[in-house]
């Protein structure tokens, strides 16, 4: 398969709406109708619970890792391209009218495939922030902002540092509405909601 073919495949795989599929197929619930109306693992937890959120998180992260691994026989530039295309697919899904999630779990999957050490550090930081604040968006924004710094500190290549900058911007821009709500003290916390809310 050509590079263009792999690039298209990375985007299509990233486009698979895990939260929507798992919610509808196994729990007869469209997560887009409740909570934040997002298809990601956080809103899946709010609406359905951990039993659905964990597989959604895993599937979304797997999409990012696959995007990178499709190009594993090529140089890091193409591996990064594959990961970014998977994130683009998740955020602007081919199957959802070019709408989608925030790309955090998919971005984590990309990070795991590129630099497991940085991925582990970012996940730990994210977990600590979420544990104490119950604000997933805050944890995601801070962890994303630290990716390029940690890439540099751990001695990763400049390609990976560059990816960190791009990924951080990607996640932060996708969270711009969350940032406004955080500043206004109105951001949704990671807690269960009743259907209809």
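Please treat every number below as a calculation from the coordinates, not as lab data. It should be emphasised that the depicted structure is a prediction, and the values quoted were computed from it without experimental measurement. No Cβ is skipped: glycine too gets one built from the backbone with ideal geometry, and neighbour counts run over all protein chains shown.
Relative contact order, whole percent, for the stretch 3-184 stands at 19, derived from Cα pairs under 8 Å and 6 or more residues apart. For the chain, the longest principal axis of the Cα atoms and the long axis of helix 136-153 meet at an angle of about 10 degrees. I'd like the FRET efficiency for residue 152 and residue 96, computed as 1/(1 + (r/R0)^6) with the beta carbon distance as r and R0 of 45 Å, rounded to 0.05. About 0.80, to the nearest 0.05. Ordering 126, 92 from the fewest to the most neighbouring beta carbons within 10 Å gives 92, 126. A helix-only calculation puts the chain at -22500 deg cm²/dmol for mean residue ellipticity at 222 nm, using -39500 (n - 2.57) for each DSSP H run of at least four residues, averaged over all residues. In degrees from 0 to 90, rounded to the nearest 10, what is the angle of the helix 18-27 Cα long axis to the longest principal axis of the chain? That works out to roughly 40 degrees.
Put simply, the chain fits an ellipsoid with semi-axes of 26, 21, 13 Å; these come from the alpha carbon gyration tensor as the roots of five times its eigenvalues, largest first. Annotation for residue 191 and residue 3: the two label points, set 7 Å from Cα along the Cα-Cβ direction, are 5.1 nm apart. Taking the C-alpha atoms only, the angle from helix 158-174 to the longest principal axis of the chain is near 20 degrees.
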